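For reference, the structure discussed in these notes is given below.
The values are calculated or read from the model by the stated rules, or taken from the named source; none is laboratory data. Remember, it's a predicted structure, so these values are computed and weren't measured experimentally. Every residue, glycine as well, gets a Cβ built from its backbone with ideal geometry; the counts of neighbours run over all protein chains shown.
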Amino acid sequence: MSVDFGLRDRVAFVTGGASGIGRAIAVGIAEQGGAVGLFDRPGAAFEEAAAAVSAVGGQAIALEGDVTDKGSLDAAIARLEDAFGPATLAVNAAGIANAAPAEEMSLDQWSTLYEIDVTGVFLSCQAEAQSMLSGGRTGSIVNIASMSGTIVNRGLTQAHYNSAKAAVVHLSRSLAVEWAERGIRVNSLSPGYTATPMNTRPEMVDRMRMFAEQVPMQRIAEPHEMAGPAVFLLSDAASYITGIDLLADGGHCAW
Ligand SMILES: NC(=O)c1ccc[n+]([C@@H]2O[C@H](COP(=O)([O-])OP(=O)(O)OC[C@H]3O[C@@H](n4cnc5c(N)ncnc54)[C@H](O)[C@@H]3O)[C@@H](O)[C@H]2O)c1
């Protein structure tokens, strides 16, 4: 058997696919031959993302919805199947980030982040697995967590985000074990600091140079550097890998 990193004739559902890491992974999937459904909120940059996929010779459709709304996830997965065939790959990259000192954080700020970053990932996995299992298909799901699920970022007061990302790592392990015998692999990919729109938020802009100095590689990541690790976990080259958290952090957590 030869090692196969390719995704030819595979169909992938990517949440948060219109921006940043989700978009870069969608492009990476297309480069390896997969067709992509770009799931994101109404008003997201669908056209730019679809154009980026087309530019590498791939096919994509825009799927509007919200990861906190199971009905919109189910409808989008059905639309993707009508367009390209049933999805056997999924990447859950939709997420938000913000900050506030823990002693001042409102319940609303806490709950909104958990609703999107934790419940949204669970609902996405549930919708994806229901589709795969009901069709008798095997599959691979990659949830985008963060190194913030392992470390606490110096100078950033984001107890809700850090704990939510730790939850995504352990949620992924739990689902991996539940679905292992039925052929669905579930892993998380934990990026380090990455140059995406998320990091233009006010509390981040001045800190990015300082953050780069905290990384052994002395730089933050470009979004496309998350595509390789995600494609690996999605591909048959990772056929015996489930329940892991793959850190792509320039060595940050080793320091
Ligand atoms: N940028 C980083 O440094 C970094 C580091 C580690 C982990 N991450 C994680 O990577 C993922 C992608 O982040 P990014 O940096 O590409 O940010 P981004 O803001 O560029 O992309 C996030 C996307 O998620 C979408 N989204 C947000 N809420 C949604 C919802 N309720 N329903 C559907 N879509 C929704 C947004 O519209 C956006 O297109 C996030 O889970 C983030 O926590 C980012």
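Going through the range 14-39 one residue at a time, which ones are within 13 Å of ALA230 (Cα to Cα) and assigned to a helix (DSSP H, G or I)? Within the range 14-39, ILE21, GLY22, ARG23, ALA24, ILE25, ALA26, VAL27, GLY28, ILE29, ALA30, GLU31 meet the criteria.
With respect to the conditions (1) touching a helix residue (DSSP H, G or I) at 6+ places or on another chain (Cβ under 9 Å); (2) assigned to a helix (DSSP H, G or I); (3) farther than 22 Å from VAL231 by Cβ, MET210 falls short on a single one, namely (1). Those helices (runs of 4 or more DSSP H) of the range 73-189 that lie entirely within it include none in which at least 3 residues are at pLDDT below 95. The number of residues in the range 196-250 being within 15 Å of the ligand (Cβ to nearest atom) and among the small types (Gly, Ala, Ser) comes to 6.
Residues checked against (1) out of contact with any Gly (no Cβ under 6 Å at 6 or more places or on another chain); (2) within 11 Å of the ligand (Cβ to nearest atom); (3) among the aromatic types (Phe, Trp, Tyr):
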{"residue": "LEU107", "(1), (2), (3)": "yes, no, no"}
{"residue": "PHE122", "(1), (2), (3)": "yes, no, yes"}
{"residue": "GLY136", "(1), (2), (3)": "yes, no, no"}
{"residue": "GLY149", "(1), (2), (3)": "yes, yes, no"}
{"residue": "HIS160", "(1), (2), (3)": "yes, no, no"}
{"residue": "SER163", "(1), (2), (3)": "yes, no, no"}
